[in-house]
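Inspection log for the structure reproduced underneath, given as structure tokens.
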Amino acid sequence: MFQFDLTKEPLTNRELEAERQTLKSLRKKQIKYSCISDVLHAFIFICLYFNQTLSGYAILLTVALSTIVALPLAMGQSNYTSKIIVFTLSLGTTLSTILVLLAMMKQPLAGSIIAGLTAGSIIIVGGTLGKTIKKVLATIEALKPIGDDTIARQEVMELCRKYPELETYRESASMNLRPHLTYGELSSMRKWKEKNHQHKEDSI
């Protein structure tokens, strides 16, 4: 995913717009995949119900269990550790769903297995694709200029006043006909400040 690098030349307005369009295209594609996934999962449950392979209550329970697990995962951060968690929870929910449907609700074995696998699939999609969509949306927001946000503009000016390196970056952006930095660049400046402070503390 795109990130601002304060050690490089600031992007021009045209380059920023190109990044926005790329992200919007990616967002559209991901939302399409998410919708296709939802339709397929719904189709499986409908088939299970009308073929009398599972009862309506069993299907509702399966959907509820998978949704409860998938939503928090979709709101989390995307990294290697969370991917392990996603697949672990997916496997756990699959097995739990099968056991609950078989032991507690006395549902047929075939229907219980299909429902469990579908629940696991919902969690994988929600825990991976959902997080990616969230990250894309956040990046699109980060590309917006601070504009009339007085607090953000004051923070940028304060950071640039304290750190000549950041002031050089801001001046370079102004030369590229960008009078206002983006929220993403402000966030990068904050991280740069924290890293700079940490480096000074370590050197003491």
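The values are calculated or read from the model by the stated rules, or taken from the named source; none is laboratory data. Keep in mind it's a predicted model, so treat the numbers as computed, not measured. No Cβ is skipped: glycine too gets one built from the backbone with ideal geometry, and neighbour counts run over all protein chains shown.
Summary table
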{"read-out": "Test: residue in segment 168-180 that is of a type in the set (D, E, K, R), surrounded by fewer than 18 Cβ atoms within 10 Å (Cβ to Cβ) and assigned by TED's automatic domain parsing to the domain that holds residue 32", "value": "no"}
{"read-out": "Filtered residues of segment 131-166 (kept if at pLDDT 90 or above, surrounded by 15 or more Cβ atoms within 10 Å (Cβ to Cβ) and among the β-branched types (Val, Ile, Thr))", "value": "136, 139, 140, 146, 156"}
{"read-out": "Inter-residue pairs, beta-carbon under 6 Å, first free of Cβ contacts under 8 Å to residues at least 60 places away in the same chain and in segment 83-102, second surrounded by 14 or more Cβ atoms within 10 Å (Cβ to Cβ) and not in a helix (DSSP H, G or I), 6+ apart", "value": "101/107"}
{"read-out": "Filter result for residue 114 (in contact with a helix residue (DSSP H, G or I) (Cβ under 9 Å, 6 or more places away or on another chain), over 21 Å from residue 36 (Cβ atoms) and surrounded by 14 or more Cβ atoms within 10 Å (Cβ to Cβ))", "value": "no"}
{"read-out": "Cross-chain or 6+ apart pairs with Cβ under 8 Å, segment 9-28 first and without any contact (Cβ under 8 Å) to a residue 60 or more places away in the chain and not assigned by TED's automatic domain parsing to the domain that holds residue 174, then loosely packed, with under 15 Cβ neighbours inside 10 Å and outside any helix (DSSP H, G or I)", "value": "none"}
{"read-out": "Segment 45-70, residues that are in contact with a Gly (Cβ under 7 Å, 6 or more places away or on another chain) and among the hydrophobic types (A, V, I, L, M, F, W, C)", "value": "48, 54, 70"}
